[in-house]
1. In a strand (DSSP E or B) and either over 11 Å from the mean Cα position of the chain (by Cα) or farther than 18 Å from HIS12 by Cα (or both), is that true of PHE102?
2. In this structure, is VAL44 of a type in the set (Val, Ile, Thr) and in contact with a Lys or Arg (Cβ under 6 Å, 6 or more places away or on another chain)?
3. Go through region 50-99 and give me each residue that's part of a loop (DSSP other than H, G, I, E, B) and among the basic types (Lys, Arg).
4. Kindly indicate the residue of region 54-72 that is within 14 Å of the chain's Cα centre (by Cα) and surrounded by 15 or more Cβ atoms within 10 Å (Cβ to Cβ) and also modelled with the lowest pLDDT among those meeting that condition.
5. So if I check each of THR78, THR24, which one is open to solvent by 70 Å² or more (accessible area, probe 1.4 Å), in contact with a helix residue (DSSP H, G or I) (Cβ under 9 Å, 6 or more places away or on another chain) and either within 22 Å of PRO5 (Cα to Cα) or among the aliphatic types (A, V, I, L, M) (or both)?
6. With respect to ALA110, is the statement that it is part of a loop (DSSP other than H, G, I, E, B) and among the small types (Gly, Ala, Ser) true?
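The values are calculated or read from the model by the stated rules, or taken from the named source; none is laboratory data. Remember, it's a predicted structure, so these values are computed and weren't measured experimentally. We place every Cβ from the backbone using ideal geometry, glycine too, and count neighbours over all the protein chains shown. Side chains are part of the model used for accessible areas, which takes the heavy atoms of the whole protein and leaves out ligands, DNA and RNA. Shrake-Rupley method; radii C 1.70, N 1.55, O 1.52, S 1.80 Å.
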Amino acid sequence: MSSIPLAAIRWHDLPASDIRIAETGISLVVAPYNEASCSYELRVLRITNAQTISFNMTGTVSAKDLSSMEISTFTYSTAPSGRITGTIGLLPGQAGFWELSFSDAQWELADA
């Protein structure tokens, strides 16, 4: 579980600077804007030990597109155990749309 709640971030038009897919799960580095300090803060969302993970990726992606990724949507539900099920929509520049879906996963949102 995490010390930063998922609801603390507006998961729309959110810059994403890094995405990693590994055997244990997914990590996303995002940069939410902090109104109080007038600056972007780096956070890492880790989705691990999911019961299932699926990827739906469309479009042809260039290095330029990867350097301007953003999260367009993140819908999720939380179980009483604290585990989550959800879908993250990513826009890799102007090159299509990606969806990362997972079920019954552990999660952590922390400073990057």
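1. Working: in a strand (DSSP E or B): yes; either over 11 Å from the mean Cα position of the chain (by Cα) or farther than 18 Å from HIS12 by Cα (or both): yes.
The answer is yes for PHE102.
2. On the way: of a type in the set (Val, Ile, Thr): yes; in contact with a Lys or Arg (Cβ under 6 Å, 6 or more places away or on another chain): no.
Judged against the criteria, VAL44 is not a match.
3. As a first pass, look at region 50-99 and keep what is part of a loop (DSSP other than H, G, I, E, B): 50-51, 58-62, 67-68, 79-83, 93-97.
Within region 50-99, ARG83 is the sole residue that qualifies.
4. Here the residue is MET69.
5. Numbers: THR24 fails: in contact with a helix residue (DSSP H, G or I) (Cβ under 9 Å, 6 or more places away or on another chain).
When all the criteria are applied, what remains is THR78.
6. On the way: part of a loop (DSSP other than H, G, I, E, B): no; among the small types (Gly, Ala, Ser): yes.
Against the criterion (part of a loop (DSSP other than H, G, I, E, B) and among the small types (Gly, Ala, Ser)), ALA110 does not qualify.
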